[in-house]
Amino acid sequence: MRIVMILVLVVSLLGCKSTLPMVQEDWQASITALRTYQAQFPFPQDLQSGTRKHDAEELDVMHYFTILTRLRMRAGYTLDWVYHFDGMGGYPVLYARPTDQAPFDTEAELLAQIERDPSQDPRDYNNYLEVEDSPAGFFQLMVLQRVGPQFFLFWHAAYNDTRVITNREALNQVLDKEYFGSRLPTTVQLRAKLLKTEPVIRMEKDRVTLELLVFTAWGGFHKDVWVFERNAPYNIISREAETLVPYEVGVMF
């Protein structure tokens with residue numbers, strides 16, 4: 001009888017959605033490692049023409065997967081990037097391509113291919129990803145999408161400064177930093193210290209929800225809520241942000 005009851009309990013638990021506070025892993029580590037890798041590379045001046053050199057010294061987004069080890073590209077595909085540059089600034093655009101296809105030198109080449117075949121948009125690189133079916137897998141999927149394109153940001157693109165905070169140390173780093181020569185106001189710091197930093201993940205039958213604490217100098221502290229499809233291609237069902245502690249740095253580019 002006891003064995004039967006245990007089996008029933010196990011089956012019941014497996015059938016329920018799970019809400020998992022991310023306390024069993026060092027979630028900040030993957031974010032820190034990704035930013036450390038990005039910071040190694042100075043801004044290539046040739047990018048202001050919108051053209052990449054594709055030399056060995058350039059940032060390689062495939063290196064991300066040595067950090068985000070719960071993700072990988074499908075066999076036969078690689079993750080790459082081109083650079084968007086216009087009169088308002090510049091930023092990288094990540095895309096997937098077959099490993100036997102030459103990389104694009106410019107965003108114009110990428111857009112030309114999409115125009116030829118709108119049904120296949122390489123910028124939807126989720127279509128070519130494999131994600132471990134675990135809280136860590138979907139957390140790293142969020143990191144790839146949030147932090148992955150935050151390099152070589154030029155002029156107005158620097159507004160994309162959002163930082164994901166997953167522990168007290170990361171929160172303190174945000175609070176200790178100066179933003180354009182000024183620390184955060186004392187009232188903002190005091191309120192921020194009361195915020196919960198640990199991410200929470202809810203894994204349901206067909207979707208995964210992540211609740212995260214984030215900070216931007218142009219908005220303050222928010223609760224960021226991502227909802228992914230649990231199965232490939234892991235599309236984003238929704239993204240919402242709830243302001244927790246408002247702050248505006250007051251600088252405009």
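Since every read-out is calculated from the coordinates, none of them should be taken as a lab result. This is a predicted model, so every value here is computed, not measured. A quick note on method: Cβ atoms are made from the backbone with ideal geometry, for glycine too, and the neighbour counts reach across all protein chains shown.
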>> Cut-off 10 angstrom, C-alpha nodes, Gaussian network model of the chain. Which of Ile201, Ile114, Ile31 fluctuates the most?
In response: Ile114
> Please identify the trypsin sites (Lys or Arg not before Pro) of the stretch 136-214 that satisfy two criteria: DSSP loop assignment and at most 10 other Cβ atoms within 10 Å. Which are they?
Replying inline: Lys205
>> I need the phi-derived Karplus couplings for the stretch 68-75: 6.51 cos²θ - 1.76 cosθ + 1.60, θ = phi - 60°, integer Hz, Gly and Pro marked x.
In response: 8, 6, 8, 10, 7, 7, 4, 4
> In whole Hz, what ³J(HN,Hα) sequence does the stretch 101-111 give by Karplus (6.51, -1.76, 1.60; θ = phi - 60°), x for Gly and Pro?
Replying inline: 9, 5, x, 6, 8, 9, 5, 4, 5, 4, 5
>> If I model a spin label at Asp86 and Asp26 as a point 7 Å from the Cα along the Cα→Cβ vector, what separation in nanometres do I get?
In response: 4.1 nm
> How many percent of Cα pairs in the chain exceed 22 Å?
Replying inline: 61 percent
